[in-house]
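Beneath this line is the structure, given in structure tokens, with notes to follow.
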Amino acid sequence: MSPRRNRRAGVEDLWWKTVKVDNKETKVESKLHGTGKRWRARYVDDESSEHTKRFDRKVDAQNWLNNIVTSQVTGNYIDPARGQITFRSFYAEWASRQVWVHNTRREMDRIDRTVPFGNVAMSDLRASHFETWVKKMQEQPLAPTTIKSRMMNVRAILKAAIRDKALASDPSQGVKLPRTRRAEAAMVIPTSGQVGSLVAAAEEHFELFIALCAFAGVRSGEASALQVGDFDFLRREIQVQRQAQRIRSGVVEIRPPKYGSERVVSAPKELIDMAAEHIRLHVPGDDPQRWMFPGLNDNPMETNMVGTRWRKAKSAAGISSLKMHSLRHYFASGLIAAGCDVVTVQRALGHSSASVTLNTYSHLWPKAEDRTRKAAGDLLGEALGSAAYSLRTEGLV
């Protein structure tokens, strides 16, 4: 490993040099005297690479150097060469080092192909580039949530450029995005009657899939990737330890659940009994690793196959507005209504933190006013239901 160079900086005169004549220092003309710009500023960056720039006036060279040194000290330094790399070129270089799953890489590559500022140098990016892009997406039109998601992906690239000294600050900060609906307003929670109708209307081998989403809170991809061995029929538990993601028709990627949310779900007896009957009828055998919901080419059912069966079940049940993810909201709302605390709901759903659970479902928890009313109502019912009160009011009826 080569030693790091001293981060020296200074301005030198290229036209004159100092030499010793009779042990006395004196200035004489250099070989460059009268050629090109006279003053050269130089500095060494964090990677021990030297940078120089020539100026006609010493004051200009010193001011330029002062700005560079200040940016190094404050952490805002930009490598001149890195700053000239285009957004698309930087992305290609950065993306090659990332350990993304297939769907993440696909979404990030989509950004690379569609942004209108792909050929703009990183140091030339301005807020106007992002404002124009957001406006264009809104006019397509794309949903506000989609626009927000794509902007978050772009900001991940910009943050990487800042870390890599190709950008001083995020030029997209402060760019306004279309308003998204509040979580509680956008969330659709099916009724128990609707869930029951969906289970009853589903194709026989798909009934359990809907039931697992509604009564165990598993995500669609997690349900697809369940194996027979994930069910503990004695303890009435379901292990959620993988998910299935569609790559293309007949090709499925099996990977850990979202946010590493491996968990054990405590299941009701009725759901465990449904699973046992599903295995007997649809996936008999001895291999504990066989898929509960087989698809193509020895893979589990992938997104398109699940979607087709879900739409058929909705049509048969006469329900059109629900998404499959609404069943997960139904499960969460049931836990909250039963008095489960935040951590219990978080673990059951496999959220990365309790704050995620609160951000998503805080509006479902009873507020202080609700608890006060309930407590007062219980007291009132207890008092008015007493024998003494009944005798006192008997003659008023």
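The values are calculated or read from the model by the stated rules, or taken from the named source; none is laboratory data. Treat the numbers as computed from the prediction; the structure is a model and nothing was measured. Using ideal geometry, Cβ is built from the backbone for each residue, glycine included, and neighbour counts are taken over all protein chains shown. For accessibility, only protein heavy atoms count, side chains too; no ligands or nucleic acids. Shrake-Rupley method; radii C 1.70, N 1.55, O 1.52, S 1.80 Å.
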Only one of (1) surrounded by 13 or more Cβ atoms within 10 Å (Cβ to Cβ); (2) touching a Pro at 6+ places or on another chain (Cβ under 7 Å) is not met by ARG126, so which one is it?
(1)
What's the number of the only condition in (1) outside any helix (DSSP H, G or I); (2) modelled with pLDDT under 95; (3) buried (at least 16 other Cβ atoms within 10 Å of the Cβ) that ILE162 fails to meet?
(1)
Pairs where the first residue, in segment 40-57, is of a type in the set (Val, Ile, Thr) and the second is assigned to a strand (DSSP E or B) and modelled with pLDDT of 85 or more, C-beta under 6 Å, 6+ apart
THR52/ARG40; THR52/ARG42
Which residues, taken from segment 308-323, are surrounded by 14 or more Cβ atoms within 10 Å (Cβ to Cβ) and farther than 12 Å from GLU203 by Cα?
ILE319, LEU322
Would it be correct to say that ARG373 is farther than 27 Å from GLN239 by Cβ, part of a helix (DSSP H, G or I) and either modelled with pLDDT under 75 or open to solvent by less than 70 Å² (accessible area, probe 1.4 Å) (or both)?
no
Return yes when ARG42 is modelled with pLDDT of 90 or more, in contact with a helix residue (DSSP H, G or I) (Cβ under 9 Å, 6 or more places away or on another chain) and over 30 Å from ARG110 (Cβ atoms) and no when it is not.
no
Can you tell me which residue in segment 172-217 is nearest to the chain's Cα centre (by Cα), limited to those that are of a type in the set (A, V, I, L, M, F, W, C) and either at positive phi or not in a helix (DSSP H, G or I) (or both)?
LEU177
Can you say whether THR132 is at pLDDT below 95, polar (S, T, N, Q) and open to solvent by 50 Å² or more (accessible area, probe 1.4 Å), as far as the supplied structure shows?
no
Going through segment 67-79 one residue at a time, which ones are surrounded by fewer than 13 Cβ atoms within 10 Å (Cβ to Cβ) and either at pLDDT 85 or above or assigned to a helix (DSSP H, G or I) (or both)?
ASN67, THR70, VAL73, THR74
Check segment 288-307 and report whether any residue there is assigned to a helix (DSSP H, G or I) and free of Cβ contacts under 8 Å to residues at least 24 places away in the same chain.
yes
Taking the options VAL19, VAL115, VAL11, VAL28, name whichever one is open to solvent by less than 60 Å² (accessible area, probe 1.4 Å), under 28 Å from LYS148 (Cβ atoms), modelled with pLDDT of 80 or more and not charged (D, E, K, R).
VAL115
Please work out which one of (1) assigned to a helix (DSSP H, G or I); (2) open to solvent by 40 Å² or more (accessible area, probe 1.4 Å); (3) in contact (Cβ under 8 Å) with a residue 60 or more places away in the chain is the condition TYR91 fails and give its number.
(2)
